[in-house]
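Below is one structure, written out as structure tokens; the observations come after it.
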Amino acid sequence: MTKESFYLYMIECSNGKYYTGTTSNIERRWQEHQEGLGANYTRKYPPKKLVFVKEYQSIDIAREVEIKVKKWSQEKKKKLISGEWE
């Protein structure tokens, strides 16, 4: 039996800000955002590129991290994306 993976991801949007989310299928979710079927934020500020993905074995942990990252400044998010922040 294969364990399901969950992903924390960040998208750079057309306004230069980062949208943060979680999903169990990163390819499908990215496609939804590109088609305007994702979050309200990415409908208002269309996605430019997927800039960060981290895999977790638990949706609870992925969502917990998502909540924390959403509160971070853009500068701190940039450091996470570039690998300067663990």
- [ ] Give the long-range amide H neighbours of VAL51: residues separated by 5 or more places, or on another chain, with amide H under 5 Å away, using H modelled in the peptide plane at 1.01 Å from N.
- [x] MET10, ILE11, GLU12
- [ ] Within 10 Å of each residue's Cβ, count the other Cβ atoms and sort GLU4, GLU32, GLU66 from fewest upward.
- [x] GLU4, GLU32, GLU66
TODO: Note down the nm distance, to one decimal, between modelled labels 7 Å out along Cα→Cβ at ILE59 and at SER5.
DONE: 1.8
Task: Using θ = phi - 60° and Karplus 6.51 cos²θ - 1.76 cosθ + 1.60, couplings along the range 33-49 (whole Hz; Gly, Pro as x) - done: 4, 5, 8, x, 9, x, 6, 4, 4, 7, 6, 6, 10, x, x, 9, 7
Open item on the list: Need one number: nm distance between label points at LYS49 and GLU75, each 7 Å from Cα along Cα→Cβ, rounded to one decimal.
Closed with: 2.3
TODO: Could you calculate the FRET efficiency of LEU37 with ASN15 from 1/(1 + (r/R0)^6), where r is the beta carbon distance between them and R0 is 22 Å, rounded to 0.05?
DONE: 0.70
- [ ] Kindly put LEU37, LEU8, LEU50 in sequence by how many other C-beta atoms sit within 10 Å of each C-beta, fewest to most.
- [x] LEU37, LEU50, LEU8
TODO: Would you mind estimating how fast the chain diffuses translationally, via Stokes-Einstein at 4 °C and 1.567 mPa s with the Kirkwood radius over Cα pairs, in µm²/s?
DONE: 99
Task: Point-charge dipole on Cβ atoms (K/R +1, D/E -1) for the chain, about Cα centre, debye to 20 - done: 380
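Bear in mind that the values in this text are calculations on the coordinates, not laboratory data. Everything numeric in this text was worked out from a predicted model, so none of it was measured. A quick note on method: Cβ atoms are made from the backbone with ideal geometry, for glycine too, and the neighbour counts reach across all protein chains shown.
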